[in-house]
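Asks: Quick one: the structure is below, questions incoming.
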Amino acid sequence: MKLQKMLLMVSVVFLLVSSSAIGVAGDFAWVKDFNIRAEADLSGFRARLAARFKIGDAQINTVLSHVEKPADAYIILRLGEMSKKTTDHVIKEYQSHKGKGWGELAKRLGIKPGSKEFHALKQGSDLYEDRGKGKEKGKGKK
C-alpha cells in the first residue's frame, strides 16, 4: 500500500513538473530558430544587433561574453531598452538570477511580465524582418 501511494505521489510530481515545463517552452518558442539563424551568420547577427540597438562592438562583445546563446544577448539588450536600464545592470541581474526565467528578470527590472511590450518579446524578436510571417492579419473585427 505504501508503495502504491509513493508511486502515485511520484506520478503527480512528474505531471506537475512536466506540465510546467511545457508552459515555459511555449513562451519564447522563437528562440531556437533565432539561435540557429544567428549562429549560422554570427557576423550578420552582430551587425543586426549593432544597427537595432545602436551599439558598438565593445558593448556587443560584453553582452555576448556573458551569455550562452545569441537569443539571450538579444533579450538582454531588449529588456535593457524596455526598462531603460544599462546593459551592465541587466547583465548583473541576469547573472544573479539566472535560471529563474525571463519573466522574473523582467519583474526585477520593473517590467510587468503581462505588459504589451513583454508579451510582444515573448512572441518573437524584431531583429529579423520575417517577424510575424505566417500569421494571418486582418481577420477578426471589422
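The values are calculated or read from the model by the stated rules, or taken from the named source; none is laboratory data. None of the values given here were measured: they were computed from a predicted structure. Note that we place each Cβ from the backbone using ideal geometry, even for glycine, and neighbour counts take in every protein chain shown.
Asks: Is there a residue in the range 60-81 that is in contact (Cβ under 8 Å) with a residue 60 or more places away in the chain, over 21 Å from Ala106 (Cβ atoms) and either surrounded by fewer than 17 Cβ atoms within 10 Å (Cβ to Cβ) or among the basic types (Lys, Arg) (or both)?
Replies: no
Asks: Follow-up. Give just the number: which of (1) polar (S, T, N, Q); (2) under 24 Å from Lys32 (Cβ atoms); (3) over 15 Å from the mean Cα position of the chain (by Cα) does Ser96 not satisfy?
Replies: So the condition that Ser96 fails would be (2).
Asks: Moving to a separate point now. Which pairs have Cβ atoms under 8 Å, sit 6 or more apart or on different chains, and link a residue in the range 85-104 that is at positive phi to one that is of a type in the set (A, V, I, L, M, F, W, C) and at pLDDT below 90?
Replies: Pairs found: Gly101/Val24.
Asks: Considering Ile60, Ile55, Ile76, which residue is under 24 Å from Tyr128 (Cβ atoms), outside any helix (DSSP H, G or I) and modelled with pLDDT of 95 or more?
Replies: Of the residues listed, the single one that is under 24 Å from Tyr128 (Cβ atoms), outside any helix (DSSP H, G or I) and modelled with pLDDT of 95 or more is Ile55.
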